[in-house]
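The values are calculated or read from the model by the stated rules, or taken from the named source; none is laboratory data. Just so it is clear, the model here is predicted, and its values are computed rather than measured. Note that each Cβ is placed from the backbone with ideal geometry, even for glycine, and that neighbours are counted across all protein chains shown.
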Amino acid sequence: MANKLNNELNKVDHTKNIIEIKDVSFGYDRNKDILKSINLEIHKGDYIGFVGPNGSGKTTLIKVILGLLEFREGSIKIFNQDLKNFKDWNKIGYVSQRMANFDNNFPLTVEEVVLMGRYSGKKLGGRITDEDRKLTQESLREVEMWDYRDSLIGDLSGGQMQRVFIARALASKPEIIFLDEPTTGIDEKSENDFYQLLQELNKKMGITLVIVSHDIERLTREVMHIVCINQTLTCHTTPEEFIKESQTSNMFGEDVKIITHHKHN
Ligand code: ADP
C-alpha cells in the first residue's frame, strides 16, 4: 500500500469494521428526525473528522453510537456485535467538550480522575487494583501529565484538562475514541500539542479516532477521512477530495450529495 503513512506503524484496515451503522434514523421527538438513514462504517485504524453545520446532528450521532440515545430505525454493530447486546464499553472512549468546563471546585486530583475512569468500567463494589494504578500511571505518562498527578483537576488549564481526559479514556485500553469539539476554549499552542497527541494515539498506538470539530481547515490537515453530516451523510471522503469538492460546491447545501468512498491506497 503506497500511501503517505507508509512509515507509520498504523494503517487503516478496511477489512475490519469497528462500527457498522445501517439505515439509522433518530429523533428526540417522534415526529421530527434529527438523523435520517445514516449509513457509515468505521474501520480499524482510521482517523475520521465529522463536519457539518451547527445543529446538523454530529453530537447526536455520537450519542446514538455510544448507546446513550435509542435510535428508532436501523441497526448498529460495534465490533461485530449488535449494539443492544454490546457490553465491552471499556473498548470505547469518549472525550467531550464539556469536560473542559469542569467545575473548578471539584475536589479530585488528576490521578483520581483517571483512576475513576478505570473504576467506572468495573462491576459495583470492584476495588482499585495495582493494575488500575499501573494503567493510570502509564496513561498519564503517555499524555505527559504524570507530573501533575497530585494537582486538583480544577486548577489545570483547559488544554491540560483535556489531556487528563484523554488519559482517562486511555486507561481502559480503548480501541476507538470519540472526541466532541475537544479543543473548544483551548489556546493555540495547547491545541497544536493536543492534535500532535492525537496523531500519536492513532499512528503509534493504532487507536481509531473520530473527532467532531467546527475547525474544518484544521481537520483537513489532521484526519484521514472526512464525513459530512447534515441530518444524513452527505459525504465520506479524503481531506484532499473534500477540499476539491468544497471549492466547487456548497458541501452542506440541500442539493449536494457527494459520496466518494475513497480507499487509502
Ligand atoms: P451538532 O452536534 O451537529 O451541532 P446536535 O447533534 O447537537 O448537532 O443537535 C442536532 C439537533 O438536535 C439540533 O437541532 C438540536 O437543537 C437538537 N437537540 C440536541 N439535543 C437535544 C435534546 N436533548 N432534546 C431535543 N433536541 C435536541
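The residues listed here are Asn192, Asn202; of these, the one that is over 12 Å from the mean Cα position of the chain (by Cα) and closer than 21 Å to Thr220 by Cβ is Asn192. Taking the criterion of being assigned to a helix (DSSP H, G or I), at pLDDT below 90 and touching a strand residue (DSSP E or B) at 6+ places or on another chain (Cβ under 7 Å), the only residue of segment 81-119 that qualifies is Gln97. Considering segment 57-100, the residues that are within 16 Å of the ligand (Cβ to nearest atom) and over 18 Å from the mean Cα position of the chain (by Cα) include one that is farthest from Asp23 (Cα to Cα), namely Glu70. When the test is whether a residue is surrounded by fewer than 17 Cβ atoms within 10 Å (Cβ to Cβ) and farther than 17 Å from Asn202 by Cα, Lys16 does not pass it. Here Tyr148 clears all of (1) under 28 Å from Asp13 (Cβ atoms); (2) surrounded by fewer than 23 Cβ atoms within 10 Å (Cβ to Cβ); (3) modelled with pLDDT of 95 or more except the condition numbered (1).
Here Asn54 passes the criteria (1) more than 12 Å from the ligand (Cβ to nearest atom); (2) touching a His at 6+ places or on another chain (Cβ under 9 Å) except the one numbered (1). When Glu200, Glu217, Glu191, Glu254 are checked against the criterion of being more than 20 Å from Leu40 (Cβ to Cβ) and modelled with pLDDT under 90, a single residue qualifies: Glu254. Among residues of segment 19-37 being under 19 Å from Ile176 (Cα atoms) and β-branched (Val, Ile, Thr), the one that is surrounded by the fewest Cβ atoms within 10 Å (Cβ to Cβ) is Ile19.
Scan segment 38-48 and give yes if some residue there is within 16 Å of the ligand (Cβ to nearest atom) and surrounded by fewer than 21 Cβ atoms within 10 Å (Cβ to Cβ), otherwise no. So that I can check it myself, show each step before the final result.
The first filter runs over segment 38-48 and keeps only residues within 16 Å of the ligand (Cβ to nearest atom), leaving 38, 40, 48.
Of the ones still in play, those that are also surrounded by fewer than 21 Cβ atoms within 10 Å (Cβ to Cβ) are 40.
Yes, some residue in segment 38-48 is within 16 Å of the ligand (Cβ to nearest atom) and surrounded by fewer than 21 Cβ atoms within 10 Å (Cβ to Cβ).
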